Amino acid sequence: MAVPVSPTSPMPPTGEARQLYQQARQASDQGRWQEALELLRNSCRLDRELGWNWLELGELWRQRGELMRAMVAYEAALAARPADALELHRCTEQRLDTVAAGERLTRGLGPVCYRHWLAQHEPALPEQQTPLRQQWLSWRTDRRACPSHTSWSDQRIQQGWLVLLEPEAVLRPGALAAVEAALQVRSDPWLPDLISVDEDRLDPQGRRGDPWFKPDYTPESFWSTPWLGTLSIWRIDWLRDRGLPPPPPDPEQWLAWQLQALAVCPRQLHLGSILVHQRPIQVTGLVSPASLTQARALEAHLRQIGEVVTQVEPHRERGTGFRISWAIPRTCLCSVIIPSRDRSDLLAPCLESLRATAWAALAGRSPAGLELELIVVDNGSREQATAELLRIWQQRLGRRLTIHRDDGPFNWSRLNNVAARQARGELLLLLNNDTEATAAGWLEAMAGQALRPAIGAVGAVLTYPDGAIQHAGIAVGVRDAIFHPYRRLPLDHGVHRGRSSYLTSWGAVTGACMMLRRSLLAQVGWLEEALPVEFNDVELGLRLAQLGYRNVVVPEAVLVHRESQSRDAYRSASEAEARQWMLSHWGPRLRQRQPWWPRQASGYWEDGRPISLPGEPGWRPTR
C-alpha cells in the first residue's frame, strides 16, 4: 500500500503536471488563490491520474466555500488513484463529511448531495421523442388490449414487453428507450425474461430524493425488500410459454404473481439506472392493508417452496419490506467457540453477555429448543486474571463449558478447526472474545437461518462501541473482497432503503460472529489454515457459494465488536501475504461484485454513495 502524500507534504518535482501542482501549492500558501486554481486545473488536465492535484483542488474549493465543486474534485482523486483508495479515503473522509451545506455523509446520502449527483453525474436518458422499436404493453394504461386476466390466448400482443407499473409511480421520460438501448448493447446473446431498474422518490413538491440503488437478485434480499413493486418489465412470450397467467388487475396482488413467476427462474437483467419515481411513503407505525396482503402472499409462497417460516410481517419501523422468522427444531445444540488469549477484560463481558441474552439456552431450557455448549480455546494465556475468570465460569456452567488449551502460534483458522472437530453441536457459532450481545433472541434468529438447507454461513450485524456499523456483510468482488458495506453508518441509516435492517444475502460474513452447520464446515474441508488471520472468513464464504449455498446476515442479531475499532486491519503484518494468497486462488471471482453491491454504488466508499464521474462539471475521462 502506498504511503499517502497529504496536501501539505512535498512531492518529487518530476513531470510538468507535478511541477504545476507544486507551484499551485506555493501560490496557495501565499494567498494567490486564483493563480493556484488555474495551475491546479492545468495540472489535472495534463495528468488526470496523479490524484493529489485533484485532492489539492478540492481543498481550494472547500476553503472558498464551493462545497459541491470540492466534492467533485475529491471524488476525482479517488477515481484517479484506485490503488491508493484506502489512504485517499482517510485523507478525504472528514472533508467529504462537511460537504453539501452541512450534510454529513456519515449519515448516508442526503437530499443536497443527491441533487448534486443528479445535476452533475447521473447518466442522461435518450430523448423522450426517441422512437421505440419493440412492442410495449403497459398494464396500467393499455389494459383494454388485455381483456382476460387468466390466459394469454386471447391477447392482441403476443410478443414484446409487459410493463408492470405501480399506479402512483412515474416513469422518467425516455425510460423505455433506455431499456431498449441497454438491450441492444448487451454482449449476451440471450434476451432477459425479467428486467428490473433502480428508483427514487418524489416529494410533495416533485423533487427527487431517497434513491434506491438495488443489488442484483438473491432470494433473501428480495423476500425482505421486494423491489419489483414500483416497476418490473416482463417478456410476454416467456410468460406465455411458461404457462403463467397475466397479472391480476389489483396491484395489491402483484407480489403474489411476481413470486409465482420468479419460482419459474426467469433470466433476470438489472439495469443500474434510475428509470422510475415512486411517490413518498408515510411511515406512521400503522400497517396498511396492502402490506398485510403482501405479507400473507409472501408467507404462503415461502411455505409452498418448503421454507419453514413461522411469521412474515411488515417492517413497522421502516414502513416497507418484511421481517421473516424461521422455525427451530425442538432440540438443537449449538457449540459456541471462543478463541482467546488473556484479555480477561474482553472475555468476561463476552461471556456475561451470553449469560444475559441466552441463559435459557445455556441451561438447556430454551422454549425455542436451542441449547448451547461453550468451548473456550485458550491460546497460551499467562495472566492470573484469565485463569480465575475461566475457573469461575467452569463452576457456573459445569459440563456446558469446555476449556481447550492450545499454546501454539495464533492461527484463527486452526484454533477454530480444532474446537469444531471436538464440538458436539449440530450448529457452530464462531465468536470473537471481543464481542458482546445486546439483546435476547439473536441466537435463535441466527440458528433459524443456519438450519435452512440452502444457507451456508450466517452473520450478525456488528457495531463499534459508539453504535456505528462495523460489519453488516461482506460484498465479495468489491475492493478485492474486503469491502464492508455501510461501515460507520448508524444502525438506522436509510441508505439503499436501510438494507442492513433487513435479512440480506452477501458474498461472505465476518468470522467475528459466524454460525453454520458443523456438517457443512466438514463438507467444505474446514477453515483454510493457510490464512491464519485475514480473509479466512471470506475464503470460507467463497467455498460455500461455490457449492451453491447462500450466506446471509440477520438484522435481529446485533453485537458490539470492541477491539476492531482500535486495530488497523489494513496494516496487519500478514495482510499482504493473505491478500496475495486470495488473489492466486480466487482472483477471477474477486473481480465480480454482482449480485451483492448495487451497480450504481461506489466501490470506494462504504456509505453507499453513487458512482460519480471524475473531474469537474463537464470533464469526461478518456478511458
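The values are calculated or read from the model by the stated rules, or taken from the named source; none is laboratory data. Nothing here was measured: the structure is a model prediction, and the numbers come from that model. Cβ: placed from backbone, ideal geometry, glycine included. Neighbour counts: every protein chain shown.
Details
- Among the residues listed as 533, 495, the single one being under 30 Å from residue 341 (Cβ atoms) and of a type outside the set (Gly, Ala, Ser): 533
- Yes/no for residue 575 being touching a helix residue (DSSP H, G or I) at 6+ places or on another chain (Cβ under 8 Å) and modelled with pLDDT of 90 or more: no
- One residue stands out among those in segment 198-232 that are within 24 Å of residue 305 (Cβ to Cβ) and among the hydrophobic types (A, V, I, L, M, F, W, C): the one that is surrounded by the most Cβ atoms within 10 Å (Cβ to Cβ), which is 228.
- In segment 201-213 there is no residue that is under 30 Å from residue 454 (Cβ atoms), of a type outside the set (A, V, I, L, M, F, W, C) and out of contact with any His (no Cβ under 7 Å at 6 or more places or on another chain).
- Entry remark, segment 491-515: residues being assigned to a loop (DSSP other than H, G, I, E, B) and under 29 Å from residue 411 (Cβ atoms) number 5 in total.
- Residue that is within 15 Å of residue 357 (Cβ to Cβ), part of a helix (DSSP H, G or I) and touching a residue at least 12 places away in the same chain (Cβ under 8 Å), where the choices are 436, 444: 444
- Of all residues in segment 116-132, those satisfying the criterion of being in contact (Cβ under 8 Å) with a residue 40 or more places away in the chain, among the hydrophobic types (A, V, I, L, M, F, W, C) and either part of a loop (DSSP other than H, G, I, E, B) or assigned by TED's automatic domain parsing to the domain that holds residue 171 (or both) are 125, 132.
- Scan of segment 410-438 for residues that are over 23 Å from the mean Cα position of the chain (by Cα) and among the small types (Gly, Ala, Ser), ordered by number: 413, 419, 420, 423, 425
- Count of segment 8-31 residues, restricted to those that are surrounded by 14 or more Cβ atoms within 10 Å (Cβ to Cβ) and at pLDDT 85 or above, is 10.
- Residues satisfying the stated conditions in segment 353-375, i.e. surrounded by fewer than 22 Cβ atoms within 10 Å (Cβ to Cβ), touching a residue at least 40 places away in the same chain (Cβ under 8 Å), farther than 13 Å from residue 427 by Cβ and aliphatic (A, V, I, L, M): 356
- Every residue from segment 521-552 that is among the basic types (Lys, Arg) and touching a strand residue (DSSP E or B) at 6+ places or on another chain (Cβ under 8 Å): 550
Residue-by-condition table, conditions (1) at pLDDT 65 or above; (2) surrounded by 15 or more Cβ atoms within 10 Å (Cβ to Cβ):
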position: 76; (1), (2): yes, yes
position: 91; (1), (2): no, yes
position: 96; (1), (2): no, yes
position: 99; (1), (2): no, yes
position: 106; (1), (2): no, yes
position: 109; (1), (2): yes, yes
position: 115; (1), (2): yes, yes
position: 118; (1), (2): yes, yes
position: 124; (1), (2): yes, no
